[in-house]
Amino acid sequence: MEPVNPPKKSRLTFYIIVCLFLGIGLGFVLNRTYIAEQNQQLEEIRIAVADLNTQLKAAPDTLTRTNLEKQKTDLNKRRASVMADRDKKIEPFSILADIFLRLIKMIVAPLVFTTLVVGVAKLGDISSVGRIGGKTLLWFVSASLMSLLLGMIMVNIFRPGEAMNLPLPDASDTSGLTGAGLTLKQFLYHVFPTSVVESMAKNEILQIVVFSVLFGIGTAAIGEPGKVIITFMDSAAHVILKVTGYVMNLAPIAVFGAMTAIIATQGLGILTTYSIFISEFYFTLLILWVLLFIAGFIVIGKRVVDLIKKVRQPTLLAFSTSSSEAAFPMTMEKLEAFGCKDKIVSFVLPLGYSFNLDGSMMYMTFASLFIAQSYGMDIPLATQISMLLVLMLTSKGIAGVPRASLVVIAGTLATFNIPEAGLALLLGIDPLLDMGRSATNVVGNSIATAVVSKWENALEQPTA
């Protein structure tokens with residue numbers, strides 16, 4: 001398939017890194033000057049709300065409580081107004097990242113559809129699809145369980161919720177996020193589309209995968225007439241990848257805008273205020289990378305080192321934009337350059353975006369139990385395992401876009417009676433955490449594709 005990056009392979013990576021640091025620098029300057037007044041007002045409001053929460057707990061009568069609640073409501077309204085003013089000031093920077101992500105999301109649905117249809121159709125009969133699909137899901141389920149279990153183990157070892165000792169939000173507060181549905185009925189409705197057009201419009205990757213697999217099997221089953229469709233889909237995929245190449249030229253600008261907006265609003269202080277949690281989370285991600293590397297080494301040997309080198313650009317792009325989707329087209333190209341056959345890449349990688357988001361999986365157990373620890377809740381081991389299994393089910397099909405993991409976590413907290421308002425503890429640093437887990441998702445899916453290619457004897461020598 002057509003390359004999605006400029007001819008000079010290191011040039012895009014260099015520009016992204018430069019813009020990453022430029023964004024951090026400008027964001028710091030803006031935080032101290034341009035929006036310093038709004039940041040100061042928000043800090044004063046935060047302190048005032050915390051003081052009111054303390055007074056509410058000690059309120060002697062209903063009248064006093066009512067007056068305090070009114071003051072708190074007024075402060076929350078003022079906070080919303082100040083945040084709106086601040087967001088308006090930095091809008092020129094955040095819009096750079098938003099436009100880039102919108103362009104990528106525009107590409108992802110048709111790219112998944114065309115490449116997966118071609119991949120399934122080229123596999124041939126249903127038995128081939130079932131064989132490769134079975135191997136793929138075996139790896140995905142194993143990797144997902146490993147990621148979830150690692151998050152559960154490490155958060156119990158580190159216990160970051162206790163170490164941070166942060167002021168907790170009032171139990172009546174909400175995070176503003178709607179929890180994902182956890183019932184079997186809602187899960188099945190999320191899997192099977194009523195309209196593929198609606199699924200593509202909403203970027204419901206899992207539903208697109210279901211339709212694409214069925215469409216690809218049907219295309220292969222009709223024989224000779226299906227070759228016209230395969231040729232058309234293959235050509236369409238090449239066109240979409242060419243468009244992706246144009247969009248990728250905007251990646252450094254998007255990274256610059258995203259980092260400027262994050263640091264301007266949160267400040268560099270966020271790195272120190274939450275340093276314990278951030279460092280422990282990234283250390284756990286490092287362990288996950290090592291485990292994935294070892295698993296890949298067992299199957300494909302020393303070539304796993306070359307694989308990691310090959311996918312460094314899409315990994316960096318996912319890290320910089322906090323979006324696995326942003327790196328999807330480039331990851332496809334790098335895997336084919338590594339030696340994975342296009343029919344395997346076209347089949348396994350789109351499935352990975354629904355079933356194998358290793359970084360997001362690990363974060364879900366880590367964050368859910370962190371919030372419980374912050375409230376001083378002792379969650380029994382049996383309940384933690386139940387939470388792990390629930391997350392294993394409800395996380396499938398989660399979008400590879402910023403903050404999608406928080407929606408699933410919100411629903412899980414409600415299921416296990418953990419105050420959902422605790423998500424407020426993570427909202428401020430979630431962009432920083434999302435960067436690491438998005439990069440991990442890319443690495444996990446890349447290793448999975450290479451492993452399945454090896455199992456199918458479809459791993460060739462790398463191309464230039």
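Where in the chain lies the longest segment free of trypsin sites (Lys or Arg not before Pro) that are both loop residues by DSSP (not H, G, I, E, B) and have at most 12 other Cβ atoms within 10 Å?
Within the chain, the longest run free of exposed trypsin sites (Lys or Arg not before Pro) spans 9-301.
Can you quote the Å³ per residue value for the convex hull of the Cα atoms in region 1-147, rounded to an integer?
Convex hull of Cα atoms, per residue: 242 Å³.
Compute the acute angle (0 to 90°) between the alpha-carbon long axis of helix 126-158 and the principal axis of greatest extent of the alpha-carbon atoms of the chain; round to the nearest 10°.
Long axis of 126-158 versus the principal axis of the chain: about 30 degrees.
Applying the Karplus parametrisation 6.51 cos²θ - 1.76 cosθ + 1.60 with θ = phi - 60° to the phi angles of region 84-90, what ³J(HN,Hα) value in whole Hz is obtained for each residue in order, glycine and proline being reported as x?
Values per residue, Gly and Pro as x: 5, 5, 5, 4, 5, 5, 9 Hz.
For a Förster distance of 22 Å, can you work out the FRET efficiency between the beta-carbons of Thr66 and Ala414, rounded to the nearest 0.05? The partial results should precede the final answer.
Values: r = 28 Å, r/R0 = 1.27.
Result of the calculation: an efficiency of 0.20.
Looking at the calculated P(r) for region 244-375, what percent of the C-alpha pair distances fall above 24 Å?
41
With angles folded into 0 to 90 degrees, how steeply does helix 342-355 sit against the dominant principal axis of the chain? Use alpha carbons for both and round to 10.
20
Report, in degrees rounded to the nearest 10, the 0 to 90 angle that the Cα long axis of helix 358-374 makes with the longest principal axis of the chain.
20
Between rounded, prolate and oblate, where does region 200-247 land on the alpha carbon gyration tensor, with a ≥ b ≥ c its root eigenvalues, rounded for a/c under 1.5, else prolate if a/b exceeds b/c?
Working: a/c = 3.99, a/b = 1.27, b/c = 3.14.
Oblate is the answer for region 200-247, as a/c is 1.5 or above yet b/c matches or exceeds a/b.
Under the rule of -39500 (n - 2.57) per DSSP H run of 4 or more residues, summed and divided by the residues of the chain, what mean residue ellipticity at 222 nm is obtained, to the nearest 500 deg cm²/dmol?
Mean residue ellipticity, 222 nm, calculated: -26500 deg cm²/dmol.
Under 5 Å between amide hydrogens, which residues at least 5 positions from Cys340 or on another chain qualify, with H placed 1.01 Å from N in the peptide plane?
Answer set, sorted by chain and number: Glu460.
What size of dipole, in debye to the nearest 20, comes out for the chain about its Cα centre when the only charges are +1 on Lys and Arg C-beta atoms and -1 on Asp and Glu C-beta atoms?
840
Which values, in whole Å and largest first, are the semi-axes of the equivalent ellipsoid of the chain obtained as the square root of 5 times each eigenvalue of the Cα gyration tensor? Numbers along the way, then the final one.
Details: eigenvalues 329, 124, 86 Å².
After scaling each eigenvalue by five and taking roots: 41, 25, 21 Å.
Using r as the Cβ-Cβ distance of Ile276 and Ile47, and R0 as 22 Å, what FRET efficiency do you calculate, to the nearest 0.05?
Numbers: r = 22 Å, r/R0 = 0.99.
Once rounded, the FRET efficiency stands at 0.50.
Every number in this text was worked out from the coordinates using simple rules, so none of it is lab data. In this text the structure is predicted, and so the values were computed from the model without any measurement. All Cβ positions, glycine included, derive from the backbone under ideal geometry; neighbour counts span all protein chains shown.
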